[in-house]
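Undergrad: Have a look at this one before I ask anything.
The values are calculated or read from the model by the stated rules, or taken from the named source; none is laboratory data. Values in this document were obtained by computation on a predicted structure and should not be read as measured data. Reconstructed Cβ throughout: ideal geometry from the backbone, glycine too, with neighbour counts over all protein chains shown.
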Amino acid sequence: MTPLARTSHASPTRDSMSLLYVTEDVPNRDPLHGNGSSMISYEVLRHLPSDVAVSLVTFQGEADLPDEIRARCDTVVLLQCRGPRQASFVSALSPLSIGAAARATREARRAISRLSQAADATLLHGPHVAPLASHVRGPTVIQVVDPWSMRVDMEVELARRLRARYRRRKAKQAFALELRFPREAQLLTVGRADAEAWSARLQRPVRSIANGVDPIQTRWTPPPVPTVSFVGSLSYPPNIESATVLAREIGPRIWRQVPEAKFVIAGRQPAPEVWSLASDRVEIRPNVREVQEIYASSSVAVFADRHGLGVRNSVREALGCGLPVVASRFAAREQPPHPLLHVAQDEDQLVALTLDALGHSASPPASPDTASSITASRTWTEVAQEYIALCREVAER
């Protein structure tokens, strides 16, 4: 356990607050080693009100702790995870996921127990640190991002044979573990629908706080070559499926009418299945530092999702760039109405809307009427304020 920074804090005012923030990964936006969970904690920490004193407990990984996060926290405790073999062994003998087993160390339990006693509230961020809630001493918020039991249930549908059987067993174990989360803790997800479904399963209240969107500097203009893009984490099974559907099923139907169309599939850590999609018409762009560059050079962003949880940030980011978006009803979940967002109910409509966006249709897709006007994009400042408001509410109980 290594304290990296420690400073004294002024006497608290009536509205000030001390927060213990426990994250499963170093908060970061690294294009290679980051993920959705680490991105959220990074943005929340950067945008928390200045009267919140933060102690951060997190786990070493391949991404470095950003200087701006180190500077924002009064105290940083950087912990070692268990090695992969030991974590796999612990997971096999317990209901914990491999990620949770890697983080459920004696040092983590001690640090959380000690620091939570001095905090007004503790925020556990990520499903792999959620099981550590039983070691928190005081008011607790558990942000699972996506409920782990529901995520593993979804992955059962994408797996086969022995792997599907294993994932089914781990999903049951994860749900049993979630039922044992402290009753006084406030449970939290990103997606509203996930919160409602999980609340019904657990028979306890669950809240949701949706993600924000960065201010977009790059604005879209139609590129000279018709280009269809897809952006997402390319090691995540539902995204692997979406990229495969786009290249293997949607692409051939588009090329019949627009043979010059180019497809760009971009995101972090492409799985072998994604790399296998590469061809003279399909470009794989790994670990892109600025996804706005992808959107700025595309004709349309297409999301052919058939599974998934939470809310797709990449849809909001593409819309924020002014890029037309065609999305399946799964990819468009919980997206506010937007004149550039066109939702397809089936694959035929997805193809038709994509051709519309490429300009190879008799008529353009209809936009929502003014009654369903655009909902302004949420900023990360607003999101951080919602997080701290919930932590204050839990602390005041």
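Condition check ((1) under 19 Å from the mean Cα position of the chain (by Cα); (2) over 30 Å from Ser149 (Cα atoms); (3) surrounded by 16 or more Cβ atoms within 10 Å (Cβ to Cβ)) across all residues:
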| position | (1), (2), (3) |
| --- | --- |
| Ala210 | yes, no, yes |
| Val228 | no, yes, yes |
| Gly232 | yes, no, yes |
| Tyr236 | yes, no, yes |
| Asn239 | yes, no, yes |
| Gly251 | no, yes, yes |
| Pro259 | no, yes, no |
| Ala278 | no, yes, no |
| Arg285 | no, yes, yes |
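Undergrad: Kindly state which helices (runs of 4 or more DSSP H) lie completely within the stretch 138-248 and contain at least 3 residues that are touching a residue at least 24 places away in the same chain (Cβ under 8 Å) and farther than 30 Å from Ser276 by Cα.
TA: The qualifying helices (runs of 4 or more DSSP H) are 161-179, 192-202.
Undergrad: In the list Ala104, Ala118, which residue meets the criterion of being touching a residue at least 24 places away in the same chain (Cβ under 8 Å) and touching a strand residue (DSSP E or B) at 6+ places or on another chain (Cβ under 9 Å)?
TA: Ala118
Undergrad: On the basis of being modelled with pLDDT of 95 or more, under 29 Å from Ala395 (Cβ atoms) and not assigned by TED's automatic domain parsing to the domain that holds Leu234, does His9 make the cut?
TA: Taking the combined requirement at face value, the residue does not satisfy it.
Undergrad: Among the numbered conditions (1) under 25 Å from the mean Cα position of the chain (by Cα); (2) more than 22 Å from Glu386 (Cβ to Cβ); (3) crowded, with 20+ Cβ neighbours inside 10 Å, tell me where Gln143 comes up short.
TA: Condition (2) is where Gln143 drops out.
Undergrad: Could you give me the residue pairs with C-beta distances under 7 Å whose first residue belongs to the stretch 379-392 and is within 19 Å of Ile142 (Cβ to Cβ), whose second residue is polar (S, T, N, Q) wherever it lies, and which are 6+ apart or on separate chains?
TA: Val383/Asn211; Leu390/Gln186
Undergrad: Name the residues in the stretch 325-354 that are crowded, with 20+ Cβ neighbours inside 10 Å and in contact (Cβ under 8 Å) with a residue 40 or more places away in the chain, would you?
TA: Ala331, Arg333, Leu350, Val351, Thr354
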